[in-house]
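The values are calculated or read from the model by the stated rules, or taken from the named source; none is laboratory data. As the structure is a computational prediction, the values presented were derived from the model and not from experiment. Neighbour counts run over all protein chains shown; Cβ positions are idealised from the backbone, glycine included.
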Amino acid sequence: MLRTDDHGRVRLLTLDRPEALNAFDTELYDAVATALNDASADGAIAVVVLTGEGRAFSAGQDLGEMATLAQDVDASGVGHGFPRFMDALIGFPKPLIAAVNGLGVGLGLTLVGHCDLTLVAESARFRPPFTALGVVPEAASSYTLPAMMGWQAATHALLTSAWISADEAVASGLALRKVADADLVDEALALAAQIAVWPISSVVGTKRVIRAAHTEAIAAARRREDREFSQRTGSPANLEALTAFLEKRPPDFSAIPGE
């Protein structure tokens with residue numbers, strides 16, 4: 001589910017659910033949250049690199065689990081993983097580098113807004129699928145994506161659920177640079193090593209002052225999104241989108257009043 005490998009002062013975390021395109025279910029949310037908290041507390045680790053196994057970085061939320069939650073609001077305990085993951089991700093004090101090796105859909109895109117540097121493989125592409133799922137952006141992406149990509153590019157992607165190529169990601173500021181697929185992890189580890197040679201207190205302090213101006217805005221965006229997302233989850237449009245996904249057909253919103 002999640003592999004951990006240390007390379008000197010750099011820790012490599014690899015999402016390892018390739019059969020599910022590294023989609024996040026509750027177990028994976030909790031595993032990554034625990035790994036980030038462990039790396040935060042480990043005085044021997046200066047930088048963390050996050051990547052995925054197989055042809056996807058992450059397909060985002062596990063839609064099978066999302067469909068269950070949408071139809072069963074009393075599913076006890078299920079769903080706690082996402083807020084715990086987000087708290088660990090946003091609160092992670094050390095440099096975090098995303099090495100996006102393939103598809104980054106939903107959370108596979110929005111988590112990049114909380115990474116400090118992002119490298120993308122040539123084959124990588126992103127998609128924010130929220131309007132197509134009858135919901136709204138999450139993970140504070142209504143703030144982070146415009147801040148990174150610019151208002152027009154981010155609004156276009158979020159409203160249309162459009163794909164973003166590796167070249168577009170770099171051109172827009174979503175990623176630092178594009179790397180050959182075979183070289184991605186090595187390049188990310190090399191970049192991390194350039195940072196890890198410096199005092200941990202210095203790199204942590206530098207990240208803290210860079211991120212400080214955005215802390216309150218990100219928290220406010222999360223609150224707004226959480227309220228709107230909860231209202232849309234289980235709505236007729238959302239249920240149609242999830243049912244269509246499970247039935248492997250295009251969604252049809254035409255018969256839903258107001259949609």
Some residue of region 148-158 being under 25 Å from residue 86 (Cβ atoms), in contact (Cβ under 8 Å) with a residue 60 or more places away in the chain and either surrounded by 13 or more Cβ atoms within 10 Å (Cβ to Cβ) or of a type in the set (Lys, Arg) (or both): no
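Conditions (1) at pLDDT 95 or above; (2) on the phi > 0 side of the Ramachandran plot; (3) within 14 Å of the chain's Cα centre (by Cα); (4) not in a loop (DSSP other than H, G, I, E, B), marked per residue:
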{"position": "83", "(1), (2), (3), (4)": "no, no, yes, yes"}
{"position": "90", "(1), (2), (3), (4)": "yes, no, yes, yes"}
{"position": "99", "(1), (2), (3), (4)": "yes, no, yes, yes"}
{"position": "113", "(1), (2), (3), (4)": "yes, no, yes, yes"}
{"position": "142", "(1), (2), (3), (4)": "yes, no, yes, yes"}
{"position": "156", "(1), (2), (3), (4)": "yes, no, no, yes"}
{"position": "162", "(1), (2), (3), (4)": "yes, no, no, no"}
{"position": "170", "(1), (2), (3), (4)": "yes, no, no, yes"}
Failed condition for residue 167, given (1) farther than 28 Å from residue 190 by Cβ; (2) free of Cβ contacts under 8 Å to residues at least 40 places away in the same chain: (1)
Qualifying residue in region 49-63 (condition: in a strand (DSSP E or B), at pLDDT 95 or above and among the aromatic types (Phe, Trp, Tyr)): yes
Matching residues in region 103-147 - criterion: being in contact with a Ser or Thr (Cβ under 6 Å, 6 or more places away or on another chain), surrounded by fewer than 20 Cβ atoms within 10 Å (Cβ to Cβ) and without any contact (Cβ under 8 Å) to a residue 40 or more places away in the chain: 131
All positions within region 219-259 that are hydrophobic (A, V, I, L, M, F, W, C), in a helix (DSSP H, G or I) and surrounded by 12 or more Cβ atoms within 10 Å (Cβ to Cβ): 219, 220, 221, 229, 237, 239, 241, 242, 244, 245
Scope region 199-232; condition β-branched (Val, Ile, Thr) and within 21 Å of the chain's Cα centre (by Cα); matching residues: 210, 215, 218
